[in-house]
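Participant: Have a look at the structure that comes next, please.
The values are calculated or read from the model by the stated rules, or taken from the named source; none is laboratory data. Everything numeric in this text was worked out from a predicted model, so none of it was measured. So basically every Cβ, Gly included, is an ideal-geometry build from the backbone, and we count neighbours across all protein chains shown.
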Amino acid sequence: MLYFDHSATTPIHPDVQSLVNELNQNIYGNPSSIHAAGRKAKHVVETARKQIATVINCAPKEIIFTGGGSEANNQVLWNMIYRNRKHVITSSIEHPAILAVLRQLEHLSITHTIVPVNKYGCVNPEDIDSAIRDDTGLITIMLANNEVGTVEPLQDIAKVAKKHDVLFHSDGVQVLGKLPIDVQELGVDMMSFSAHKFYGPKGIGALYVKEGIAVKPLIIGGSQEKSLRAGTENVGGIAGLGCAAEIVTKNLSDVGHALRALETQFKTKFSEQHPNIIYNGFEDNHLPGLINLTIPGIASDLLLIHLDNEDIAVSSGSACSAGTISPSPVLKAMGISDKQNLETIRISAGHDNTSPEVDQLVETMTRAIVNIRRNAR
């Protein structure tokens, strides 16, 4: 298979898989137990905590392990019920793990304001500043969008948050392993991560919480994770997250350069054959290797079927639920018409993709487009 859907999930790195397998077999103690088997498991957990902390430049005690990025986002948002200022500011292109949760919180008197984005999917910090109210307690803006890859101006937004003494959270799920992340430089108070987006195992994530910020648990029970996330730790998964974070941030500039080269190769060759193609999002300020493109006159679902039949994996710009294709809310928020929305796909390259694979993708997509147009006559 040619896999070009790394923004959906990444294949687990072989070294990570080996580590997880070994630990699940040999380090089976409960990290809360005081005997030797428990102490070994606890050491594994704390080693991983140091690994992810080093990668994002924070203290290990500022890391909470979670069941994934969605849980991390939920923990931040559900904590609003305990805060005095219960108004949240977010953007129109956030992940459902933000927007859907905020809708759920409305019945608990947690209000929110959704600021727009421009045609590139970028938030204007001035819009956030204008949306601040006396009861605003949280700003949550993703670091980079999962559909178009636009990198948001987090440092400028952090200045707005600091000026008004408002907590600032960011969903950083899409970025680790693609661009450097320094939570100190970004100025965020909290940030969410998910291992399966950076070649780690599924079902494990992390939440960075700046020291001094009070957070209550979303999952209540035992005293694990300093009483901030109950439940016996997923030792193998946690180790896999730490290992993956360390692996993907080595030689990060080289990886970014390689992904941009693959992206440029695709755009150059594909645009030569299809000059009416529309590329969505920022040309430069976006995640390397992520291409969101509209192919006028070609329904994305038909194109995906053709590519899948050729054993090529990309994703649609639309959301598919129960067999019903609907326009992507992200693209709608960027002002893209429903017609073009349903003609949009996302290609996201990863560390193992090669130049010959990009050539094959271009050739197969071109052949599929010809067949779709022929059958439509």
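Participant: Mind checking which residues of region 324-335 are out of contact with any Asp or Glu (no Cβ under 8 Å at 6 or more places or on another chain) and assigned to a strand (DSSP E or B)? First the steps, then the outcome.
Facilitator: Start the filter on region 324-335 by keeping residues that are out of contact with any Asp or Glu (no Cβ under 8 Å at 6 or more places or on another chain), which leaves 324, 326, 329, 333-335.
Result: T324, S326.
Participant: Residues in region 126-137: is at least one within 28 Å of T9 (Cβ to Cβ), surrounded by 15 or more Cβ atoms within 10 Å (Cβ to Cβ) and of a type outside the set (K, R)?
Facilitator: Quick first cut of region 126-137, residues within 28 Å of T9 (Cβ to Cβ) only: none.
The answer is no, given that none of the residues of region 126-137 is within 28 Å of T9 (Cβ to Cβ), surrounded by 15 or more Cβ atoms within 10 Å (Cβ to Cβ) and of a type outside the set (K, R).
Participant: A follow-up question, please. Based on this model, can you work out whether D352 counts as touching a residue at least 60 places away in the same chain (Cβ under 8 Å), touching a Pro at 6+ places or on another chain (Cβ under 9 Å) and of a type outside the set (F, W, Y)? Step through it out loud before you land on a result.
Facilitator: Working: touching a residue at least 60 places away in the same chain (Cβ under 8 Å): yes; touching a Pro at 6+ places or on another chain (Cβ under 9 Å): yes; of a type outside the set (F, W, Y): yes.
Yes.
Participant: Are there helices (runs of 4 or more DSSP H) fully within region 44-148 with at least 3 residues that are in contact with a His (Cβ under 9 Å, 6 or more places away or on another chain)? List them.
Facilitator: 69-78, 96-105
Participant: Can you find a residue that is part of a helix (DSSP H, G or I), crowded, with 17+ Cβ neighbours inside 10 Å, among the small types (G, A, S) and modelled with pLDDT of 95 or more anywhere in region 336-356?
Facilitator: no
Participant: Any idea which of A59, A48, A41, A72 is touching an Asp or Glu at 6+ places or on another chain (Cβ under 7 Å), among the small types (G, A, S) and closer than 27 Å to K250 by Cβ?
Facilitator: Working: A48 fails: touching an Asp or Glu at 6+ places or on another chain (Cβ under 7 Å); A41 fails: touching an Asp or Glu at 6+ places or on another chain (Cβ under 7 Å); A72 fails: touching an Asp or Glu at 6+ places or on another chain (Cβ under 7 Å).
Going through A59, A48, A41, A72 in turn, the sole match is A59.
Participant: Specify the residue that is farthest from N353 (Cα to Cα); the eligible residues are those in region 243-261 that are over 19 Å from the mean Cα position of the chain (by Cα) and small (G, A, S). Working first, answer last.
Facilitator: Here is the first cut: in region 243-261, the ones over 19 Å from the mean Cα position of the chain (by Cα) are 250-251, 253-254, 257-258, 261.
Narrowing further to those that are small (G, A, S): 253, 258, 261.
Numbers: S253: 16, A258: 9, A261: 11 Å.
Here the answer is S253.
Participant: Now a separate question. Within region 75-96, is there a residue that is surrounded by fewer than 20 Cβ atoms within 10 Å (Cβ to Cβ), of a type in the set (G, A, S) and over 16 Å from the mean Cα position of the chain (by Cα)?
Facilitator: No, region 75-96 contains no residue that is surrounded by fewer than 20 Cβ atoms within 10 Å (Cβ to Cβ), of a type in the set (G, A, S) and over 16 Å from the mean Cα position of the chain (by Cα).
Participant: Return the pair list, or none, for Cβ contacts closer than 7 Å from residues in region 217-230 that are under 15 Å from I63 (Cα atoms) and of a type in the set (S, T, Y) to residues that are part of a loop (DSSP other than H, G, I, E, B) and at pLDDT 95 or above, at least 6 apart or on different chains.
Facilitator: Between residues of region 217-230 that are under 15 Å from I63 (Cα atoms) and of a type in the set (S, T, Y) and residues that are part of a loop (DSSP other than H, G, I, E, B) and at pLDDT 95 or above, the close pairs are S227/P217.
Participant: Then there is this: Counting only residues that are over 12 Å from G281 (Cβ atoms) and within 23 Å of the chain's Cα centre (by Cα), how many does region 97-126 have?
Facilitator: First, pick out the residues of region 97-126 that are over 12 Å from G281 (Cβ atoms): 97-116, 123-126.
When the remaining residues are screened for being within 23 Å of the chain's Cα centre (by Cα), the result is 97-105, 112-116, 123-125.
Of the residues in that region, 17 qualify.
Participant: Given the residues T90, T111, which is the only one that is in contact with a strand residue (DSSP E or B) (Cβ under 6 Å, 6 or more places away or on another chain), of a type in the set (S, T, N, Q) and under 15 Å from D171 (Cβ atoms)?
Facilitator: Working: T111 fails: under 15 Å from D171 (Cβ atoms).
Testing whether each residue is in contact with a strand residue (DSSP E or B) (Cβ under 6 Å, 6 or more places away or on another chain), of a type in the set (S, T, N, Q) and under 15 Å from D171 (Cβ atoms) leaves just T90.
Participant: Still on this structure: Here is a list: K226, K202, K210, K197. Which entry is more than 20 Å from S70 (Cβ to Cβ) and either buried (at least 24 other Cβ atoms within 10 Å of the Cβ) or within 21 Å of the chain's Cα centre (by Cα) (or both)? Show your work before the answer.
Facilitator: Details: K226 fails: either buried (at least 24 other Cβ atoms within 10 Å of the Cβ) or within 21 Å of the chain's Cα centre (by Cα) (or both); K202 fails: more than 20 Å from S70 (Cβ to Cβ); K197 fails: more than 20 Å from S70 (Cβ to Cβ).
Selected residue: K210, the only one of K226, K202, K210, K197 that is more than 20 Å from S70 (Cβ to Cβ) and either buried (at least 24 other Cβ atoms within 10 Å of the Cβ) or within 21 Å of the chain's Cα centre (by Cα) (or both).
Participant: Can G240 be described as within 30 Å of A41 (Cα to Cα), at pLDDT 95 or above, small (G, A, S) and more than 20 Å from the chain's Cα centre (by Cα)?
Facilitator: Values: within 30 Å of A41 (Cα to Cα): yes; at pLDDT 95 or above: yes; small (G, A, S): yes; more than 20 Å from the chain's Cα centre (by Cα): no.
So G240 does not fit the description; no.
Participant: Still on this model: I need every pair where a residue in region 270-290 that is without any contact (Cβ under 8 Å) to a residue 60 or more places away in the chain has its Cβ under 7 Å from the Cβ of a residue that is of a type in the set (F, W, Y) and outside any loop (DSSP other than H, G, I, E, B), sequence separation at least 6 or different chains.
Facilitator: I277/F270
Participant: Out of the residues in region 22-39 that are in contact (Cβ under 8 Å) with a residue 12 or more places away in the chain and assigned to a helix (DSSP H, G or I), state the one that is surrounded by the most Cβ atoms within 10 Å (Cβ to Cβ). Spell out the reasoning first.
Facilitator: Step one: list which residues in region 22-39 are in contact (Cβ under 8 Å) with a residue 12 or more places away in the chain, which gives 23-24, 27-32.
When the remaining residues are screened for being assigned to a helix (DSSP H, G or I), the result is 23-24.
Details: L23: 20, N24: 15.
Ranking the qualifying residues of region 22-39, first place goes to L23.
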